[in-house]
Amino acid sequence: MLHSPPQLELAHSSTRPIHWLATATAMAAVIAAAGVLQPSAGATTGTSDGAPHGPQATAPDPQGVAYPLDCKGAPQTVTATAQGDLDGDGRPETVAAVRCDAGSGTPPHAIYVLTQDRSEGARPRVVATLLDTAQRQTVTELTVRDGAVTASLLGYSAPEIPRCCPDKNQLAKWRWSGGKFRQELTDSAARRV
């Protein structure tokens, strides 16, 4: 006659409130330990460019900056921003695409580089203009990667092209070199849309 083995009741096969309490306590301890092990506010961290910077190295806030853009009384609008260390000093700059808020139409963009001094209470300021509104282009994408600013631009092949309908798509790139920003050639110099 075959005997079946005795049935064992495993501890994890039935849960009781004490098990849930023990699990919750263990999770709370892990979360608390993770909070304690975070780097302190004074610790040095790295940027996406790999350059080290300290706790005061936050990118300048593009809102409230006096941009050198004549909107003839209309407000200015920041439509895109990107941050990164462009000049290799370990502090991030902000790149801002700004245009007049005309209410209708497609006003052209300007692209500005902002920096902020380390001193207490220093305000962000414009240090370079990469794209001027006179070039009559619209920024659709703005990025900072590996110390370079890249912008996707829409523009017009001729003055008679209606302002509603840009017919050129261009990828522009700028890099800090020799004490100023220089525009690099791209493989998409001016494609028709």
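Data for the structure
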read-out: Sites Ser104 and Thr79, calculated FRET efficiency, Cβ-Cβ separation with R0 22 Å, nearest 0.05; value: 0.90
read-out: Relative packing of 84-91, 108-115, which averages over residues the other C-beta atoms within 10 Å, highest first; value: 108-115, 84-91
read-out: Phi to ³J(HN,Hα) by Karplus 6.51 cos²θ - 1.76 cosθ + 1.60 over region 90-103, Hz, x for Gly, Pro; value: x, 10, x, 9, 10, 10, 10, 9, 10, 8, 6, 8, 7, x
read-out: Local electrostatic count, Cys100, Cβ distance below 10 Å [Lys/Arg +1, Asp/Glu -1]; value: 0
read-out: Loop trypsin sites (Lys or Arg not before Pro), region 103-190 (other Cβ atoms within 10 Å of the site Cβ: 14 or fewer; DSSP); value: Arg118, Arg163
read-out: Net charge of neighbours whose Cβ lies under 14 Å from the Cβ of Arg136, counting Lys and Arg as +1 and Asp and Glu as -1; value: 0
read-out: Nearest-20 debye value, region 70-193 charge dipole, Cβ charges on Lys, Arg, Asp, Glu; value: 240
read-out: Prolate/oblate/rounded call for region 76-189, Cα gyration tensor, a/c under 1.5 rounded; value: oblate
read-out: Using a Förster distance of 25 Å, the FRET efficiency for Arg125-Lys72 (Cβ separation, nearest 0.05); value: 0.60
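Coordinate-derived values only; no laboratory data. This structure is a prediction, so every number in the text was calculated from the model and none was measured. Counting neighbours? That spans all protein chains shown, and the Cβs are built from the backbone with ideal geometry, glycine included.
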